[in-house]
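A.B. asks: Here it is, the structure, as structure tokens.
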Amino acid sequence: TSSYEKQGEQVETQVQKNRRLAKELINLRNAVKLAEAEQRLLQMTYQKEAEIQRQIRDDVSLTIEERIAANEELGRILDKQFEEEKRVAQMKIDLAQKELDKNKDNVDLQVALTNAKTEMADLDERITGQRSEQLINLTSLQQEQADAIKEAEDAQRKYNEYLEDQRS
């Protein structure tokens, strides 16, 4: 084969590679679009579920055990929400990185990657803030439970003392 034929094969191989990469990017863009739409719906669903658990946790007419269970369920909801939203945020980062890899000098693509990373950091901060609130409330509920137990023990001790005094 001549060098002209080899060069032609290399060009064709490069064209095939570019087509494959373009197809991958299109597929990834579409997957990200769908995932973003699903993420917004899931976020609203998780926020509603979390709010229901907060309302149960904060309902003083319920037992401490029921309120602690609701707070623990809130923690599980936050975990699920974080994992699901993190998956989508990572897809956005991956897409932005792949696009930037094709055109490293493109400022818009650099901005898109930074924005995708910022979205991941924002997600982490938002869920961490909600988790802090959940953990503070858990501590508060546990203290409330300990106080109720101590109060019941004190009442029992006083009652026992009263009974002793009555017998004397």
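The values are calculated or read from the model by the stated rules, or taken from the named source; none is laboratory data. Keep in mind the model is a prediction, meaning the values are calculated, not measured. Here Cβ is always computed from backbone atoms with ideal geometry, including for glycine, and neighbour counts include all displayed protein chains. Each accessible area value is taken on the protein alone, full model and side chains, heavy atoms only, with ligands, DNA and RNA left out. Shrake-Rupley method; radii C 1.70, N 1.55, O 1.52, S 1.80 Å.
Table: residues versus (1) loosely packed, with under 12 Cβ neighbours inside 10 Å; (2) polar (S, T, N, Q); (3) on the phi < 0 side of the Ramachandran plot.
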residue: E36; (1), (2), (3): no, no, yes
residue: D94; (1), (2), (3): no, no, yes
residue: Q97; (1), (2), (3): no, yes, yes
residue: K102; (1), (2), (3): no, no, yes
residue: D105; (1), (2), (3): yes, no, yes
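A.B. asks: Please work out if L62 is without any contact (Cβ under 8 Å) to a residue 40 or more places away in the chain and not in a helix (DSSP H, G or I).
C.D. replies: Yes: the conditions hold for L62.
A.B. asks: Is segment 129-144 home to any residue that is within 25 Å of E36 (Cβ to Cβ), in contact (Cβ under 8 Å) with a residue 24 or more places away in the chain, part of a helix (DSSP H, G or I) and out of contact with any Gly (no Cβ under 6 Å at 6 or more places or on another chain)?
C.D. replies: So far as segment 129-144 goes, yes, one or more of its residues are within 25 Å of E36 (Cβ to Cβ), in contact (Cβ under 8 Å) with a residue 24 or more places away in the chain, part of a helix (DSSP H, G or I) and out of contact with any Gly (no Cβ under 6 Å at 6 or more places or on another chain).
A.B. asks: Still on this structure, please answer the following. Does any residue of segment 147-159 turn out to be within 18 Å of V32 (Cβ to Cβ) and either within 28 Å of the chain's Cα centre (by Cα) or open to solvent by 80 Å² or more (accessible area, probe 1.4 Å) (or both)?
C.D. replies: Of the residues in segment 147-159, the ones within 18 Å of V32 (Cβ to Cβ) are none.
Scanning segment 147-159, I find no residue that is within 18 Å of V32 (Cβ to Cβ) and either within 28 Å of the chain's Cα centre (by Cα) or open to solvent by 80 Å² or more (accessible area, probe 1.4 Å) (or both), so the answer is no.
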